[in-house]
1. Just grab the label-to-label distance for B:K108 and A:K17, each label 7 Å out from Cα along the Cβ direction, in nm (one decimal).
2. Could you identify which residue out of A:D46, A:D141, A:D108 has the top mean-square fluctuation in a GNM of chain A using Cα springs shorter than 10 Å?
3. Please report, ordered by residue number, every helix of chain A (full DSSP H runs) that is 15 Å or longer along its axis going by C-alpha atoms and whose mean Kyte-Doolittle hydropathy reaches 0.5.
4. Starting from the Cα-Cα distance between B:L77 and B:L162, subtract it from 0.36 nm times their residue separation and give me the gain in nm to one decimal.
5. Only helical DSSP H runs with n ≥ 4 go in: add -39500 (n - 2.57) per run for the protein assembly as shown, normalise by residue count and round the 222 nm mean residue ellipticity to 500 deg cm²/dmol.
6. I'd like to verify something in chain B: which complete DSSP H helices, judged by Cα projection on the helix axis, reach 30 Å or more and average at least 1.6 on the Kyte-Doolittle scale?
7. What distance in nm separates the simple spin-label points at A:L9 and B:A41, each placed 7 Å from Cα in the Cβ direction?
8. Remind me, relative contact order of chain B in percent, using alpha carbon pairs under 8 angstrom and six or more residues apart?
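Derivation of every value follows stated rules applied to the coordinates shown; laboratory data play no part. Every value quoted in this text rests on a predicted model; they were computed, and no experiment measured them. Neighbour counts are summed over all protein chains in view; Cβ atoms, including those assigned to glycine, are modelled from backbone coordinates with ideal geometry.
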Amino acid sequence: MRAYYRVYLDLLWIFLKVGVLGFGGGPAYIPLIQREVVTNYRWMTDGEFSSVLAFANTLPGPISIKMAGFVGWKEGGCPGLVMALLFLISPSSLAMLLLFSTFSAYKDIPWVQGMGRGVIPVVAVMLGILVKGFLKNSTVDMGLLRTTGIFVLVIPVFLFSLVHPAIVIVLFILAALLLPVQSRRGKEPST
Amino acid sequence: MIYWQVFMAFFIPGIIGYGGAPAYIPLVEYEVVHRYGWMTAGEFGELLAFANTLPGPLITKMSGVIGYEIAGAAGALVGLASSIIPSMVLMIILLGIIYRLKDNPRVKRITSFVRPVVAAMLALMVYNYFINSFIDTGLYHTAGIALASFILLEKFKVQPPLIIITALLYGALFIR
């Protein structure tokens, strides 16, 4: 009987730690989760963990949530899944709720408004760095010509809100699934 | 029906968000700022800044707060659930059925195909933030903060939360 609830406590503790210590998105979580699941608890081998990670990467959505949910589900079924996700998510979501509601409540005060304004250029730069990284990776994957081609072609679509962005992305997902797989220099996917 | 809208605002980005949190940001921004008009672009940017000062998954930090601002505590739960459920369901169901999917070259290249599209959406957000900041705050503050944070992030690899907190202080003291 002891082992029955023990696994839920383990899941709670693992993902509470990952949620509180994981700064900076996916690349920061994966090693944390791997250390707990493979090294400390021995629920999976290194090979199994890599396979699940590779599979998770073929699906949309945040990687930390997919991995936490899977580990919870594998070790403790549905309640395990809920346990893992609940403790991964709640500390940061609650802290965020508290922080942002407080900020919003005092937004009429000039210096609080100044805080909001001061931070916008930083966000712009952070997103700009993401763009740079995306374009660099994309160039490695599909070449400079196709990367620039797609980038330049889709900007007016979004700028003038011609269609919902989801439609554009679904077209590219379909192109990836349906276009023939060729050696490095393939056809341009349709936009 | 406000809960349905909150659900859709996070469900759609959840099923097409290839490339992790960075891909999710502009998709959610489209729904929240441009489609439903729940927030201004500036408020969304502030939210993004605060989210980056805390640990934990970015997506649920954003969906919880946005859901709460729009429709209270129930809205927060709907936002959280709709940002988790799509990828979770796919993961659990598909892993049993088509595990070999991970070696399929077509499936493996989805992220590469979607990446330049997401880059374009992010680039437009960057453009909008700079224009807004130029109008609200002026050229000198905008250029100064942008340049300083770029150098600190790229050259000195300073952690983003530190830079954001510094910018908050700078704004509180010097921007009116």
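1. 3.3 nm
2. Top of the fluctuation ranking is A:D141.
3. On the way: long enough: A:2-21 (29 Å, 0.96); A:46-57 (16 Å, 0.39); A:63-105 (42 Å, 1.30); A:110-159 (48 Å, 1.28); A:165-178 (20 Å, 3.12).
What comes out of the filter, once short or polar helices are dropped, is A:2-21, A:63-105, A:110-159, A:165-178.
4. Length difference between fully extended and current span is 27.6 nm.
5. Details: 14 runs with 287 residues, N = 367.
After summing the helix terms and dividing by residue count, I get -27000 deg cm²/dmol.
6. Values: long enough: B:58-97 (39 Å, 1.74); B:110-137 (40 Å, 1.19).
Helix filter hits for chain B: B:58-97.
7. My value for the distance between the label points is 5.3 nm.
8. Relative contact order of chain B: 26 percent.
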